[in-house]
Amino acid sequence: MAKITGFSGSPRKNGNTNFLMETILKSAADKGWETDFVLLNKADIGFCEACDACHKSGNGCVKKDDMTELGEKLKESDVWVLGTPVYWWGPTAQMKVFMDRWYGLPRETYQNKKVILVVPMEDTEDKTASHVIGMYQDAFDYIGVEIADIIVAKGVLEAGAVQSKPEIIKRAEATVDKI
Ligand SMILES: Cc1cc2nc3c(=O)[nH]c(=O)nc-3n(C[C@H](O)[C@H](O)[C@H](O)COP(=O)(O)O)c2cc1C
């Protein structure tokens with residue numbers, strides 16, 4: 001069975017990012033996918049400190065934290081749902097520290113993967129999400145992962161505000177059909 005895993009960079013458990021990600025995963029489960037969901041905010045992930053030991057030794061990162069298990073989850077999943085709200089025109093720190101640690105993962109982690117991006121924000125201007133989306137596009141172009149869909153939820157500030165936006169919820173429900 002194909003597997004889809006959500007990695008959420010939002011610290012708000014009942015926030016907009018998690019609501020949309022759970023909508024995607026529920027829709028995938030209804031269509032027969034195996035699903036998994038990770039709250040990066042609850043994970044123990046240390047900063048990449050650029051010691052380069054991972055590349056020199058070929059044995060991965062010297063830090064023994066939750067990235068060992070999360071690296072396995074990335075590898076065993078066919079599709080990743082990556083969610084982060086816009087924080088100061090960028091991703092949350094939780095998402096960034098997670099991505100920095102991909103530096104030490106083996107290349108096969110990225111092979112034949114697709115990704116769905118979820119990006120809520122308060123602003124209603126497309127350009128406010130442009131750095132987050134641009135970061136993902138350049139990074140996935142570099143590691144050879146295909147972006148299957150990008151869902152930007154504009155104009156959502158309070159936790160749960162996205163629940164009163166039926167058009168975005170429909171987008172999230174339908175995204176699995178694009179994989
Ligand atoms: C520290 C912080 C920085 C933020 N920066 C921005 C920003 O630059 N642009 C924006 O439109 N919204 C910004 N927001 C608002 C969030 O993107 C918005 O509330 C979003 O819906 C939060 O997602 P969540 O409910 O999943 O936590 C910021 C919120 C916080 C807490």
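The values are calculated or read from the model by the stated rules, or taken from the named source; none is laboratory data. Just so we're clear, the structure is a prediction, and the values are computed from it rather than from any experiment. Counting neighbours? That spans all protein chains shown, and the Cβs are built from the backbone with ideal geometry, glycine included.
A few notes on this one:
- Test result for V97, without any contact (Cβ under 8 Å) to a residue 60 or more places away in the chain, surrounded by 16 or more Cβ atoms within 10 Å (Cβ to Cβ) and within 27 Å of K56 (Cβ to Cβ): yes
- Residue in the range 80-87 that is touching a residue at least 60 places away in the same chain (Cβ under 8 Å), closer than 27 Å to E122 by Cα, within 16 Å of the ligand (Cβ to nearest atom) and among the β-branched types (V, I, T) present: yes
- Any hit, the range 155-164, residues being more than 18 Å from the chain's Cα centre (by Cα) and either modelled with pLDDT under 95 or over 19 Å from P11 (Cα atoms) (or both): yes
- So C51, is it away from the ligand (no atom under 16 Å from the Cβ), surrounded by fewer than 15 Cβ atoms within 10 Å (Cβ to Cβ) and among the hydrophobic types (A, V, I, L, M, F, W, C): yes
- Residue check, D141 under 26 Å from E76 (Cβ atoms) and either loosely packed, with under 14 Cβ neighbours inside 10 Å or in contact with a strand residue (DSSP E or B) (Cβ under 6 Å, 6 or more places away or on another chain) (or both): yes
- Contacts under 6 angstrom Cβ, first residue in the range 32-47 being within 17 Å of R12 (Cα to Cα), partner surrounded by fewer than 16 Cβ atoms within 10 Å (Cβ to Cβ) and at pLDDT 95 or above, 6 or more apart: D44/D65
- Meets criteria (in a loop (DSSP other than H, G, I, E, B) and at pLDDT 95 or above) for G134: no
- Matching residues, the range 3-33, being more than 16 Å from the ligand (Cβ to nearest atom) and under 15 Å from E72 (Cα atoms): K3, I4, T5
- The single condition among (1) buried (at least 21 other Cβ atoms within 10 Å of the Cβ); (2) within 22 Å of K42 (Cβ to Cβ) that I168 does not meet is (2).
- Identity of the residue in the range 144-158, among the aliphatic types (A, V, I, L, M) and in a strand (DSSP E or B), that ends up farthest from V81 (Cα to Cα): A153
- The single condition from (1) within 20 Å of V79 (Cβ to Cβ); (2) part of a helix (DSSP H, G or I); (3) touching a helix residue (DSSP H, G or I) at 6+ places or on another chain (Cβ under 8 Å) that V118 fails is (2).
- Restricting E173, E69, E76, E146 to residues that are under 23 Å from L25 (Cβ atoms), surrounded by 16 or more Cβ atoms within 10 Å (Cβ to Cβ), more than 16 Å from the ligand (Cβ to nearest atom) and charged (D, E, K, R) narrows the list to E173.
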